[in-house]
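Contents: one structure, followed by commentary.
The values are calculated or read from the model by the stated rules, or taken from the named source; none is laboratory data. This is a predicted model, so every value here is computed, not measured. Reconstructed Cβ throughout: ideal geometry from the backbone, glycine too, with neighbour counts over all protein chains shown.
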Ligand SMILES: C[S@@+](CC[C@H](N)C(=O)[O-])C[C@H]1O[C@@H](n2cnc3c(N)ncnc32)[C@H](O)[C@@H]1O
């Protein structure tokens, strides 16, 4: 089966601006991606056509589709670049809703600054084309369950009327998600660490489960080591990946191949 010029469930070594031009409009349900930000990593000198990417994303995403954009800032001589904010503002100008600004908190943080607190997060902007058509909220177990006397709002008499209530078994997660990073946290695929800026598999999976349903088309235009594609396949979604570097494309292909063998 094809989606534009590409096979469904394929990872392609191509500049994503050129690649997206070969896709029809309104064909993608969900994007989970992370761009190269500032010059934090060396991507072999590839240029990053940010504005063109956003315009093409708006064209190919379905109404109600979601783009999860994971991005951080560089600190240069004590000054944060604010690339993340610039990106978010441009998405909004292009027509996307800023549906949420979530935080990706890293459990183990390698970088230290002598005169500021250790940065332990990146942003996960959740942009949508109109109102998101899918939201499957992830839940967590509550600390206390069963019947309990709850404090009620005080009335004018100032009396605190406690009432009996049934506590819920689980609650929806907050918008700060925490993940361990590195081997065993980000992934167990040791060979994938040839890519220097992967996001954790569980991060990709949690967004895929939240904003898409089985059979939906999940796209990563800058798929690096293929994390989003792998987790889409694992969760019975279709996927499409694009990656400008041949070396990273090969890692991504290897990761989904290993997964496919395990799933057989
Ligand atoms: C932050 S990394 C993505 C990592 C990925 N989320 C993972 O878990 O492996 C950004 C990637 O974008 C790729 N890239 C940069 N410009 C691109 C473009 N125009 N088209 C496609 N890929 C591009 C880089 O080569 C790099 O692998």
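Which of the residues that make up the stretch 122-153 are more than 23 Å from the chain's Cα centre (by Cα), assigned to a loop (DSSP other than H, G, I, E, B) and surrounded by 10 or more Cβ atoms within 10 Å (Cβ to Cβ)?
142, 145, 152, listed by residue number.
Considering each residue of the stretch 194-204, count those that are touching a strand residue (DSSP E or B) at 6+ places or on another chain (Cβ under 9 Å) and near the ligand (Cβ under 10 Å from one of its atoms), and give that number.
Step one: filter the stretch 194-204 for residues touching a strand residue (DSSP E or B) at 6+ places or on another chain (Cβ under 9 Å), giving 198-204.
Now restrict to residues that are near the ligand (Cβ under 10 Å from one of its atoms): 198-201, 203-204.
The qualifying residues number 6.
Please tell me if residue 168 is out of contact with any strand residue (DSSP E or B) (no Cβ under 7 Å at 6 or more places or on another chain) and either surrounded by fewer than 16 Cβ atoms within 10 Å (Cβ to Cβ) or farther than 29 Å from residue 49 by Cα (or both).
Working: out of contact with any strand residue (DSSP E or B) (no Cβ under 7 Å at 6 or more places or on another chain): yes; either surrounded by fewer than 16 Cβ atoms within 10 Å (Cβ to Cβ) or farther than 29 Å from residue 49 by Cα (or both): yes.
Yes.
Cβ-Cβ distance below 6 Å, separation of 6 or more or different chains: which pairs start in the stretch 73-90 with a residue that is more than 12 Å from residue 37 (Cα to Cα) and end on one that is in a helix (DSSP H, G or I)?
Pairs that qualify, where the first residue is more than 12 Å from residue 37 (Cα to Cα) and the partner is in a helix (DSSP H, G or I), are 90/54.
Step by step: first the residues of the stretch 158-185, then only those that are without any contact (Cβ under 8 Å) to a residue 24 or more places away in the chain and closer than 30 Å to residue 134 by Cβ, then the one that is farthest from the ligand (Cβ to nearest atom). Which residue is that?
Of all residues in the stretch 158-185, those without any contact (Cβ under 8 Å) to a residue 24 or more places away in the chain come to 158-166, 174, 183-184.
Narrowing further to those that are closer than 30 Å to residue 134 by Cβ: 166, 174.
Working: 166: 42, 174: 23 Å.
Across the stretch 158-185, the extreme among qualifying residues is 166.
Tell me the strands (runs of 3 or more DSSP E) entirely within the stretch 154-241 that contain at least 2 residues that are over 17 Å from the mean Cα position of the chain (by Cα).
On the way: elements: 163-167, 170-172, 176-179, 217-220.
Passing ranges, in order: 163-167, 170-172.
Within the stretch 14-24, take every residue that is touching a residue at least 24 places away in the same chain (Cβ under 8 Å) and in a loop (DSSP other than H, G, I, E, B) and give me the one that is surrounded by the fewest Cβ atoms within 10 Å (Cβ to Cβ). Break it down into steps so the answer makes sense when it comes.
Kept after step one, since they are touching a residue at least 24 places away in the same chain (Cβ under 8 Å), are these residues of the stretch 14-24: 14-17, 19-21, 23-24.
Add one more test, that the residue is in a loop (DSSP other than H, G, I, E, B), and what stays is 14-15, 21, 23-24.
Details: 14: 18, 15: 19, 21: 14, 23: 20, 24: 11.
Ranking the qualifying residues of the stretch 14-24, first place goes to 24.
Specify which of the listed residues (11, 53) is at pLDDT 95 or above, surrounded by 15 or more Cβ atoms within 10 Å (Cβ to Cβ), within 14 Å of the ligand (Cβ to nearest atom) and under 24 Å from residue 254 (Cα atoms). Give the steps one after another, and end with the answer.
Details: 53 fails: under 24 Å from residue 254 (Cα atoms).
Just one listed residue meets the conditions, 11.
What are the residues in the stretch 47-96 that are out of contact with any helix residue (DSSP H, G or I) (no Cβ under 8 Å at 6 or more places or on another chain) and within 20 Å of residue 244 (Cβ to Cβ), if any? Give the derivation first.
As a first pass, look at the stretch 47-96 and keep what is out of contact with any helix residue (DSSP H, G or I) (no Cβ under 8 Å at 6 or more places or on another chain): 47-48, 61-65, 75-86, 88-89, 92-93.
Hits for the stretch 47-96 are 47, 48, 83.
Looking at this structure, is residue 201 over 30 Å from residue 132 (Cα atoms) and modelled with pLDDT of 95 or more? Spell out how you get there, then give the answer.
Details: over 30 Å from residue 132 (Cα atoms): no; modelled with pLDDT of 95 or more: yes.
Considered against the rule, which asks whether it is over 30 Å from residue 132 (Cα atoms) and modelled with pLDDT of 95 or more, residue 201 comes out as no.
If you scan the stretch 171-185, which residues turn out to be surrounded by 12 or more Cβ atoms within 10 Å (Cβ to Cβ) and within 25 Å of residue 141 (Cβ to Cβ)? Walk me through how you get there before you give the answer.
We begin by selecting, within the stretch 171-185, every residue surrounded by 12 or more Cβ atoms within 10 Å (Cβ to Cβ); these are 171, 173, 177-183, 185.
Within the stretch 171-185, 171, 173, 177, 178, 179, 180, 181, 185 qualify.
Would you say residue 85 is buried (at least 18 other Cβ atoms within 10 Å of the Cβ), outside any strand (DSSP E or B) and more than 16 Å from the ligand (Cβ to nearest atom)? Let's see the steps before the verdict.
Values: buried (at least 18 other Cβ atoms within 10 Å of the Cβ): no; outside any strand (DSSP E or B): yes; more than 16 Å from the ligand (Cβ to nearest atom): yes.
Against the criterion (buried (at least 18 other Cβ atoms within 10 Å of the Cβ), outside any strand (DSSP E or B) and more than 16 Å from the ligand (Cβ to nearest atom)), residue 85 does not qualify.
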